[in-house]
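**Student:** Questions regarding the structure given below will be posed in turn.
The values are calculated or read from the model by the stated rules, or taken from the named source; none is laboratory data. None of the values given here were measured: they were computed from a predicted structure. Ideal geometry is used to build each Cβ from the backbone, glycine not excepted, and the neighbour counts take in all protein chains shown.
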Amino acid sequence: MLDVRRVFAWDIDPTAARAFAAGMAAAETGLVVEPVAELREATRVSDAIVTCTPARVPFLGLDDVPAGGFVAAVGADNSAKSEIKPELMASAIVVVDVVDQAVVMGDLHHAVAAGAMRAEDVHAELGQVIAGTRPGRRDDDAIIVFDSSGTGVQDAAAAAVAYEVARQRGLGMRCSLT
């Protein structure tokens, strides 16, 4: 778990980034969410980067991520979407939810299609890292990309664990989904 102290919000539409930051402040998350005009302004000083967009053209490259950075790429959930440039995928330790799925959709799909890497170059599936059968970070300077194309059972299991940890620690807040 990360000790998140500061969050940056970037969007191709700066107005959307500002609105998101204001909404997070209004939600009383306890986090400082700062909108930024330039992507690299945020990513180069961040330990963890989360991409969650409908982008069809990759926008996050190797020069955007600091040594030792972690990228959770969760927006490319079909074969047309892409957030991570192939050269970043090829240079990173890549972990996916399921290789067979990621090779036909998501950023791995695009890196393979570009000839930047092969499915066999994937370091591990998420379940292997969690179970300890494959190591996670081996080097403090290595960039890790988690290319999540979406696996419902893993999402549900992670949500259940997060809920229980938050409940045990007295964290979170009730909200209405209606």
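Every residue, every condition in (1) under 30 Å from ASP63 (Cβ atoms); (2) loosely packed, with under 10 Cβ neighbours inside 10 Å; (3) modelled with pLDDT under 95, yes or no:
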position	(1), (2), (3)
ALA114	yes, no, no
GLU120	yes, yes, no
HIS123	yes, no, no
GLY127	no, no, yes
PRO135	yes, no, yes
ASP147	yes, no, no
GLU164	no, no, yes
ARG169	no, yes, yes
ARG174	no, yes, yes
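**Student:** Any idea which of (1) touching a helix residue (DSSP H, G or I) at 6+ places or on another chain (Cβ under 7 Å); (2) outside the structural domain of ALA156 (by TED's automatic domain parsing); (3) closer than 25 Å to ARG138 by Cβ is the one PHE8 doesn't satisfy?
**Tutor:** (3)
**Student:** Now for a different question. Looking at segment 127-136, is at least one residue under 19 Å from ALA72 (Cβ atoms), of a type in the set (Val, Ile, Thr) and not in a loop (DSSP other than H, G, I, E, B)?
**Tutor:** yes
**Student:** Identify, from the list ALA80, ALA72, ALA111, ALA90, the residue that is in contact (Cβ under 8 Å) with a residue 12 or more places away in the chain, part of a loop (DSSP other than H, G, I, E, B) and assigned by TED's automatic domain parsing to the domain that holds GLY136.
**Tutor:** It is ALA80.
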